[in-house]
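What follows draws every value from the coordinates through simple rules; no lab data is involved. In this text, all values refer to a predicted model and were calculated from it rather than measured experimentally. Don't worry about glycine lacking a Cβ; one is built from the backbone with ideal geometry, like all the others, and counts go over all protein chains shown.
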Amino acid sequence: MSGFVEKPEPIQVPGLVHLHTGKVRELYRNEAGELVMVASDRISAYDWVLPTEIPDKGRVLTQLSLWWFDQLADLLPHHVLGTEPPAGAPADWAGRTLVCKSLDMVPVECVARGYLTGSGLTEYAETRTVCGLALPEGLVDGSELPAPIFTPATKAAVGEHDENVSYEEVARQVGAETAAQLRQATLAAYSRARNIARERGIVLADTKFEFGFDGETLVVADEVLTPDSSRFWPADRWEPGHAQPSYDKQFVRDWLTSAESGWDRRSEQPPPALPQHVVDATRAKYVEAYERLTGTTWS
Ligand SMILES: Nc1ncnc2c1ncn2[C@@H]1O[C@H](COP(=O)(O)OP(=O)(O)OP(=O)(O)O)[C@@H](O)[C@H]1O
Ligand SMILES: [Mg+2]
């Protein structure tokens, strides 16, 4: 079981057509045909969107994504046109809204990995490969890879897991030229971001990009390099051989799997509401990630 504990009712705003409720974001189209993405404070863990929100999370992640788009701007054009909420939107949308160019999306989750964990580790344990790419013997959970790899996945519906696919499969689906562009752009952006994060004491273990075409131009879309689309690990606690502490969600995971929550992850039951101390500690981690990465103070 997974999905929403409580599926939210989207807010209606005059002039906007609601398109989609994601795990975390609401997607609209405005009268100019642009996309309006609004990041909520929802948080997911263990495949559930939890019934408790993390105050400011949507704003922190939106601002972080904007900062990263800027850091990558000389490598990749991005889809952001503006950040002004439309007239008539709730005041709460300020800081969490991105007005974006509507692109012809490439239906591939473009993942780059510099470290082995998650679905990569699962595949490696069976075949010594990730997305069909051969890797050396002896790697463990959290090992740094000899070089970053492109490990694409196909997009799954809410509650399903994305499925890793080989590069050859991507080339079959989108064409060899586009596949090569996706791989090149993904690895270039990951490598840039990993170096920036590392200088700031954060290991960017892996990350997912989504791309679309604006005419002939490949443009990076969606959100980039946020804790929702990436694995960030505190560099000073990185230790291969076991699961690394998650920079942002560790308090949530630890509490949900503790006796105190009374929740059994393997049951069909939805997870309970988070207590205030877990909410506060988690909010502080998002703010810390933002502040460490950008070198600015969250306000
Ligand atoms: N510039 C763009 N043009 C067109 N579609 C876009 C653009 N940027 C992002 N998208 C799409 O908008 C959608 C954003 O939805 P969102 O990520 O919130 O939900 P989701 O992908 O269904 O679920 P999840 O919460 O698991 O990510 C995605 O389908 C993404 O591919
Ligand atoms: Mg998404």
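Computed from the C-beta positions of SER267 and THR127, the FRET efficiency with R₀ = 30 Å rounds to 0.45.
When each of the peptides 236-242, 9-15 is scored by the mean number of other C-beta atoms lying within 10 Å of its residues, the order from highest to lowest reads 9-15, 236-242.
Each residue of the stretch 6-17 was assigned a 3J(HN,Hα) from its phi angle through the Karplus curve 6.51 cos²θ - 1.76 cosθ + 1.60 (θ = phi - 60°); the sequence is 9, 5, x, 8, x, 6, 9, 10, x, x, 10, 9 Hz, with glycine and proline shown as x. Close Lys pairs in the chain, defined as Cα atoms under 27 Å apart and 8 or more places apart or on different chains, number 24. Phi-derived couplings, Karplus 6.51 cos²θ - 1.76 cosθ + 1.60 at θ = phi - 60°, listed residue by residue for the stretch 103-110: 10, 7, 6, 8, x, 9, 7, 8 Hz, with x used for Gly and Pro. For the chain, averaging the sequence separation of C-alpha pairs within contact (under 8 Å, six or more residues apart) and dividing by the residue count gives a relative contact order of 19 percent. Quick check: the distance between the Cα centres of the stretch 157-230 and the stretch 234-285, to the nearest angstrom? Between the Cα centre of the stretch 157-230 and that of the stretch 234-285, the gap is 26 Å.
Over all pairs of different C-alpha atoms in the stretch 122-280, the reciprocal of the mean inverse distance, the Kirkwood hydrodynamic radius, equals 18.1 Å.
Taking label points 7 Å from Cα along the Cα-to-Cβ direction, MET105 and THR217 give a separation of 2.1 nm. Here the Karplus curve 6.51 cos²θ - 1.76 cosθ + 1.60, taken at θ = phi - 60°, turns the phi angles of the stretch 219-232 into couplings of 10, 7, 10, 6, 10, 10, 6, 9, x, 7, 10, 9, 9, 9 Hz, with x standing for Gly and Pro. For the stretch 155-204, the share of alpha carbon pairs falling in successive 10 Å distance bins from zero is 23, 31, 35, 12 percent. Principal semi-axes of the equivalent ellipsoid, √(5λ) from the alpha carbon gyration tensor of the chain, are 28, 26, 19 Å from largest down.
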